[in-house]
Ligand code: C2E
Ligand code: MG
Ligand code: MG
Ligand code: MG
């Protein structure tokens, strides 16, 4: 009896795996055609400063308009794109698209593009960024690339070189989701970041967690001695905005100001 149950469970398990594997393969096939079928979009979320209360830039966030499944968020396809290598073509598309779009913005704002660690480790990254700038005519200081702490973990010298090559092009570099990874604050001195984006989990927890607030303070405190701007991510309320200003954050992003929108619908005045 037990043996039979065991086998049934095993068969059920393999069936489950089969269903999952098939779903994954079908998504991979769909993703392979997404760019050529014109299903990818970039949505733009405003980034504001505290003093002038103006929109200084936008973060480009990828959305997949799937023909039958509708809108698919990056959390559902970026990991698969990274595993399959499709991130290289998706990422290249995003860079070109974002630069061309930003070039049209009358306000001259910056555009921030997320780089996957997989892209960061690719030797063609620098010529890719160079090509996007050249073909779009976008001034390099209007492009910002966002990378996460994970790229700093291994191959430190190689990574510093890549960051320096990016800086040499004149683009800005932001460290995204800061606080969620493993790098220590002192570590930041070795890398040429223009901005640090505090992960939104800290902003979310700030009001009832002393620890979250202490981390925000440590980051803003250190940024004053280095020449680094601090962006608060995921600001959802006036209370959070006021508090973060008081703590020394200089740039802000979150639903309180505006949600990611297609370029033509994006928020342009506050
Ligand atoms: P991220 O780079 O940290 O982007 C910020 C995420 O927080 C976005 O989610 C944004 O919609 C969301 N967000 C902004 N303000 C608020 C807020 O006030 N409250 C809440 N709850 N969320 C807020 P999204 O668009 O789903 O993107 C998720 C992640 O997917 C991004 O995190 C980024 O890591 C990745 N991603 C998005 N687009 C790209 C891309 O073009 N290339 C790569 N490699 N990764 C991308
Ligand atoms: Mg980002
Ligand atoms: Mg982030
Ligand atoms: Mg994030």
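Things to note:
- Orientation-averaged projection of segment 4-99 equals 9.2 nm² [convex hull of Cα atoms, one quarter of hull surface area].
- One chain, two ends: residue 209 and residue 264. Fully extended at 0.36 nm per residue, the span grows by 15.9 nm beyond their Cα-Cα distance.
- Most tightly packed first, judged by the mean number of other beta-carbon atoms within 10 Å of their residues, the peptides 223-230, 153-160 read 223-230, 153-160.
- Ordering of 15-22, 161-168 by packing [mean C-beta count within 10 Å, highest first]: 161-168, 15-22
- Using a cutoff of 8 angstrom between alpha carbon atoms and counting only pairs six or more residues apart, the relative contact order for the chain works out to 19 percent.
- With a Förster radius of 51 Å applied to the beta-carbon distance between residue 161 and residue 11, the computed FRET efficiency rounds to 0.45.
- Ellipticity at 222 nm from helices only: DSSP H runs of n ≥ 4 in the chain, each -39500 (n - 2.57), divided by the residue count, give -14500 deg cm²/dmol.
- Per the Kirkwood formula applied to alpha carbons, segment 201-259 shows a radius of gyration over Rh ratio, Rg over Rh, of 0.95.
- Between 0 and 90°, nearest 10: helix 210-225 axis offset from the chain longest Cα axis: 50
- Per residue, the average separation of C-alpha pairs within less than 8 Å and at least 6 apart gives segment 155-270 a relative contact order of 19 percent.
- By the count of neighbouring beta-carbon atoms within 10 Å, fewest first, 178, 241 end up ordered 241, 178.
- DSSP bridge pairs, the chain: antiparallel proportion in percent, nearest 5: 40
- With respect to the chain, whose longest principal axis is taken over its alpha-carbon atoms, helix 2-34 is tilted by about 50°.
- In the chain, the longest principal axis of the Cα atoms and the axis of helix 87-104 are about 40 degrees apart.
- Per-q log10 I(q)/I(0), the chain, q = 0.17 Å⁻¹ (Debye; single scatterer per alpha-carbon; no solvent): -1.41
- Packing order of peptides 38-48, 184-194, highest average first: 38-48, 184-194 (average count of other Cβ atoms within 10 Å over each peptide's residues).
- P(r) tail for segment 22-63: Cα pairs beyond 11 Å make up 72% of the total.
- Segment 119-270: translational diffusion in µm²/s, Stokes-Einstein, Kirkwood Rh over Cα pairs, 37 °C, 0.692 mPa s: 197
Read the figures in this text as sums done on the coordinates, not as results from a lab. A quick note: this is a predicted structure, and the numbers were derived from the prediction, not measured. Here the Cβ is made from the backbone with ideal geometry for all residues, glycine too, and neighbour counts use every protein chain on show.
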